[in-house]
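This report refers to the structure that appears directly beneath it.
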Amino acid sequence: MERHQIALYVVAIAAGLAAGWWIPGAHALEAWINPVLGLLLFATFLAVPFTAIGRAFADLRFLGAVLVLNFVIVPVVAFALSRFVAGNEALLLGVLLVLLAPCVDYVIVFSGLAGGASDRLLAAAPLLMLAQMLLLPAYLWGFAGAETVALVELAPFMEAFVVLILIPLTAAAAVQWTAPRAAVARAVEGVMAAAMVPLMMATLFTVIASQVRGVGEQFGALVAVVPLYVAFLAVMVPIGILAARTVGLDVRSSRALVFTGATRNSLVVLPLALALPASLALAPLVVVTQTLVELIGMVIFVRLIPRLLPELDPAPNPA
């Protein structure tokens with residue numbers, strides 16, 4: 001199954017598009033996004049030895065590059081792109097919410113699929129979550145105004161952190177700690193390792209099927225943000241590669257850096273957008289549109305990034 005995972009992900013995306021558009025009530029799958037994503041992250045965390053996470057947390061060069069890329073460089077790109085929709089408050093707020101928040105969940109999965117340093121991204125996740133909680137209001141104030149900041153409730157950030165990071169991470173740590181002594185824990189590791197591809201397919205299907213109808217019905221209003229999201233993905237690849245080379249990262253860390261710069265926290269900021277007043281009802285769909293564009297982009301990136309950042313061939317043995 002792993003050999004054909006990209007094709008399977010494309011099938012899941014296509015099935016989600018079809019189900020979401022043609023099956024009445026598919027939007028109710030939205031309630032399953034966090035549970036499915038939480039299981040996927042639990043499986044991902046299980047696959048990364050916690051000793052490796054400890055070593056990754058000590059890699060200050062990588063962590064520094066991640067923080068500078070996401071909270072210095074990305075805001076400049078997000079501000080520039082958001083000017084194209086600055087005349088529409090709902091579009092502007094939705095674009096800023098999603099582009100200013102770096103992903104802390106499935107970026108770890110996609111980066112790992114592309115041969116990136118998942119352990120380093122996992123170590124960086126708590127820092128990224130904390131930094132965006134602290135900095136997002138400041139960026140929104142600077143880019144959209146003080147009145148806009150007052151409309152955003154940050155409580156969903158804490159809920160998402162607990163549900164999508166803290167609980168799966170704690171559960172994975174407990175399983176890894178008990179696995180050497182308990183057959184049940186070892187069985188859980190085996191089952192979750194085998195379930196990685198199906199869980200990713202389920203996540204892609206659930207997110208797309210639950211959201212595509214709403215996006216489609218408002219596509220005339222949302223079409224302006226699609227090229228912005230495509231441009232963001234396209235721009236962040238060379239920027240990420242340049243940043244990685246500037247600080248001298250190895251290939252696996254470089255791939256991870258590109259992914260963290262390009263991937264956004266759409267599933268976490270969506271509750272923030274849903275909590276906005278009715279006058280900004282389009283903002284959640286602006287966030288969801290980014291999710292749909294990004295998921296397709298990530299499937300492409302899994303194949304593209306290893307080509308742009310190939311493993312170095314070992315030096316030939318002297319004759």
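Each Lys or Arg adds one and each Asp or Glu takes one away; over the other residues whose Cβ falls under 15 Å from the Cβ of P238, this sums to +3.
All other residues whose Cβ lies under 13 angstrom from that of S279 are scored, Lys and Arg at +1 and Asp and Glu at -1, for a net of -2. Per residue, the stretch 157-310 exposes 39 Å² of solvent-accessible protein surface, assessed with a 1.4 angstrom probe and all protein chains in place. Of the residues A209, A155, S279, the one whose Cα sits farthest toward the positive end of the charge dipole of the stretch 148-306, with +1 on the Cβ of Lys and Arg and -1 on the Cβ of Asp and Glu, is A209. Placing +1 on the Cβ of every Lys and Arg and -1 on the Cβ of every Asp and Glu, with no other charges, gives the stretch 46-181 a dipole of roughly 460 debye about its Cα centre.
What does the helix-only formula give at 222 nm for the chain: each DSSP H stretch with n ≥ 4 adding -39500 (n - 2.57), the total divided by the residues, and the result rounded to the nearest 500 deg cm²/dmol? Numbers along the way, then the final one.
Values: 18 runs with 233 residues, N = 319.
Using -39500 (n - 2.57) per qualifying helix, the result is -23000 deg cm²/dmol.
May I ask you to compute the full-extension gain from W141 to L60, defined as 0.36 nm times their residue separation minus their alpha-carbon distance, rounded to one decimal in nm? Write down the numbers at each step before the final one.
Working: separation 81, 0.36 × 81 = 29.16 nm, distance 2.97 nm.
The W141-L60 span can extend by a further 26.2 nm.
Note that the stretch 1-110 presents 44 Å² accessible area per residue, ligands and nucleic acids not counted, probe 1.4 Å. Fully extending the segment from V223 to V10, taken as 0.36 nm per residue of separation minus the present Cα-Cα distance, adds 74.4 nm. With a cut-off of 15 Å between beta carbons, the residues surrounding L270 carry a summed charge of -4, where Lys and Arg count +1 and Asp and Glu -1. Specify which labelled value, from [x] 23.1; [y] 20.6; [z] 20.0, agrees with Kirkwood radius over Cα pairs in Å derived from the coordinates of the model shown. Among [x] 23.1; [y] 20.6; [z] 20.0, the one derived from this structure is [z]. The share of accessible area on the chain that comes from carbon and sulfur is 71 percent, using a 1.4 angstrom probe. Assuming charge only on the beta carbon of Lys and Arg (+1) and of Asp and Glu (-1), the dipole of the chain about its Cα centre is about 580 debye to the nearest 20. Taking amide H atoms as placed 1.01 Å from N in the peptide plane, the amide H of R264 lies under 5 Å from those of C103, each 5 or more residues away in sequence or on another chain.
The values are calculated or read from the model by the stated rules, or taken from the named source; none is laboratory data. Owing to the predicted nature of the structure, the values given are computational and were not obtained by experimental measurement. Quick reminder, even Gly has a Cβ in these numbers, built from the backbone with ideal geometry, and neighbours come from all protein chains shown. Please note that ligands, DNA and RNA were not included when accessible areas were found on the heavy atoms of the full protein model with its side chains. Shrake-Rupley method; radii C 1.70, N 1.55, O 1.52, S 1.80 Å.
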